[in-house]
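The values are calculated or read from the model by the stated rules, or taken from the named source; none is laboratory data. Values in this document were obtained by computation on a predicted structure and should not be read as measured data. As a convention, Cβ positions derive from the backbone with ideal geometry for all residues, glycine included, and neighbour counts pool all protein chains shown. Ligands, DNA and RNA are stripped out before the accessible areas are found, and what is left, the full protein with its side chains, is counted by its heavy atoms. Shrake-Rupley method; radii C 1.70, N 1.55, O 1.52, S 1.80 Å.
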Amino acid sequence: MRAMEKCAGANVYTKVPDGGWGWAVAAAFFFVEMFTYGVIKSFGVFFNELMVYFDESNSRISWIISICVFVLTFTAPLSTVLSNRFGHRPVVMVGGFLISLGMILGSFARNVVEMYITIGIVSGLGFCLSFLPTVTILSLYFDKRRSLVIAIASTGECFAVFAFAPAITALNEHIGWRYCLLTVGALQLNIVVCGALLRPIVIKPQEERKGSVNTDNQETTYMLENEQTLTSLDSIDSGVEVSTSPKNEAANTKPEKPVEEVNKKETLEKREPKAKAAPLLDFSVLRNPSFICYALFGLFATLGFFAPSLYIIPLSLSLGIDKDLSAYMLSGMAIAEVFGRIGAGLILTKKPINKIYIELIFVVLLCLALIAFAFAYDFWGLMACSVFFGCMLGSVAGSHIPLIAEEDIVGIEKMSSGVGVYVFIQSLSGLAGPPLGGMLVDWTQDYASAFYSCAVGMVFAAACLALVRPCKKGLCRRKPEAVPMESVKCHEPLDPPEDFLEMDLGLGKSCQSLNESPSSIKPLNGPN
């Protein structure tokens, strides 16, 4: 957080404000979510047009979002390093520019490979630089209400899907997919404005300042009293002359610094060692077993985050549902996701409830929601599945990153590095998830198989999440073996100080005699 402390416009608080300028940061996060994940989830409306225009298969078109998600997650450590070095504000503003640039260039693409580069790589990097620093700095502004505020602010992507899916579908019919992408890219420039609102925050407790001053005064008084005591030792009875006595001082020809000043300087140097620079990316979180289990949870859960929103419209079209009605599937999913995020935020703010176990319940229900899509055969059946899935998706997606700040995982101090490493580990499944679903669809000729692959990933995610708390408590570690009492030996005492007069010369040998064999011990009054 060195960049925060150096920034002149930083907000300095004595404790976590749980509000204040944090509400402006929450509003900025709302719009960042809208133009990042909201656009990613709405990209499914372009699938059929891109397949026809470029004459490509489902799996090749799905690589556009897969590469985008992979770059978003793979470059998460880079986002953490840049945020800690230069601050969150400039990084988010640069990210917003890259998102808009990639989307605008994608509207001029002549083949699907160019869309891999523009939308997949350029916009994907911008998504990472915009989203992760925003959610990190928002977590620093709140403590008790962190889960609820982030859950409410993250509903921006839900409102985006609710508004963008029907709007883009209607706009696409009038002006075509190229002008639609151009319009979306222009709207994404608003992320630059949102990044300007991210004022850094510095927490400097007032108690520490007062405590340091009082400690210095106590040390100075203590050293002065020691000097007076040492000087009083210069007497005939003691037989010791101390160099600080007036007689010795008079004998010295060269004046020296007062002893109390020298001692005070040495004490302060020992007490205030040179502070080591905090690492820009702390990989020590990988030595935390509970964090490793949570990272594996995110790795498998990502398989089920994006594929349903990409394949819900093709699934509905394959069942003979009208194209206009199919677009409302995403809208119903988005509305339910809003309630899921807010409901999860309210539940996770309750102190007596363990947040990890609540998250586990949400993940299990999300797995059931994915399986339910395979049994729907009409509009209302798919709509019910979409609403149920959206509610559970909002509960998990809105809380899985803020939970990294909990003490069960890494804590608020290491959240920035924890988020970077956590999202980086998700990159593999983010790259493989949608194409895997597309391959299964091409192989089975059934869009329901894509939802089955997501459900399998969620099952593994639930198993890893269930191990987080046991690893934190040490239940998964091997207990140290008990040391037998016979192997415990009495060691000799430490050497006494020089000014200590030992009254019993045989005291030091008492422990040594205990370690001798029983045959070598002789009775005190027995015959020789």
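Quantify, in whole percent, the carbon and sulfur part of the accessible surface of segment 44-97 (1.4 Å probe; protein heavy atoms only). Walk me through the intermediate numbers first.
Working: 1380 of 2030 Å².
The computed percentage sits at 68.
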**Request:** Report the relative contact order of segment 1-124, percent, no decimals, based on alpha-carbon pairs under 8 angstrom and at least 6 residues apart.
**Result:** 32
**Asked** Along segment 439-446, what does the Karplus equation 6.51 cos²θ - 1.76 cosθ + 1.60 (θ = phi - 60°) give for ³J(HN,Hα), rounded to whole Hz, x for Gly and Pro?
**Response** 5, 5, 5, 5, 7, 9, 6, 9
**Packing-based order for 449-459, 282-292, using average beta carbon neighbours within 10 Å, highest first** = 449-459, 282-292
**Asked** How high is the relative contact order of segment 342-459, in percent, counting Cα pairs under 8 Å that sit 6 or more residues apart?
**Response** 32
**Request:** Specify whether the C-alpha gyration tensor of segment 1-138 places it in the rounded, prolate or oblate class, a ≥ b ≥ c being the square roots of the eigenvalues: rounded for a/c under 1.5, otherwise prolate if a/b is larger than b/c and oblate if not.
**Result:** prolate
**Simple label model, 7 Å out from Cα along Cβ direction - residue 55 to residue 167, nm** = 3.5
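Using only Cα atoms, what Kirkwood radius does segment 413-469 have, in angstroms?
On the way: mean 1/r = 0.0761 Å⁻¹.
Across segment 413-469, the inverse of the average 1/r is 13.1 Å.
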**Item:** Distant alpha-carbon pairs in segment 320-368 (separation over 17 angstrom), percent
**Value:** 51
**Built amide H within the under 5 Å cut-off of residue 202, gap 5+** = 11, 12, 13
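So what is the accessible area of segment 294-337 per residue, in Å², with the probe set to 1.4 Å? Working shown, then result.
Values: 1160 Å² over 44 residues.
Computed with neighbouring chains in place, this is 26 Å² per residue.
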**Complete:** Under the 7 Å Cα-to-Cβ spin-label approximation, residue 375 and residue 407 lie apart by a distance in nanometres of 4.3
**Request:** Give me the distance in nm between label points sitting 7 Å out from Cα along the Cα-to-Cβ direction at residue 368 and residue 178, one decimal.
**Result:** 4.9
**Residue-normalised accessible area of segment 1-112, expressed per residue, 1.4 Å probe, Å²** = 40
**Whole-Å distance, taken between Cα centres, linking segment 378-444 and segment 21-37** = 19
**Item:** Loop-located chymotrypsin sites (Phe, Trp or Tyr not before Pro) in segment 94-128 whose Cβ has at most 16 other Cβ within 10 Å (DSSP)
**Value:** 108
**Complete:** Computed from every Cα-Cα pair in segment 297-337, P(r) in 10 Å bins starting at 0 and rounded to whole percents is 28, 45, 23, 5
**Message:** Classify segment 294-431 from the C-alpha gyration tensor, please: rounded if a/c falls under 1.5, else prolate or oblate depending on whether a/b exceeds b/c.
**Reply:** prolate
**Message:** How large a share of the accessible area of segment 337-439, in percent, is made up of carbon and sulfur atoms when the probe is 1.4 Å and the other protein chains stay in place?
**Reply:** 75
**Nearest-0.05 FRET efficiency for residue 463 and residue 196, computed from C-beta distance (R0 41 Å)** = 0.45
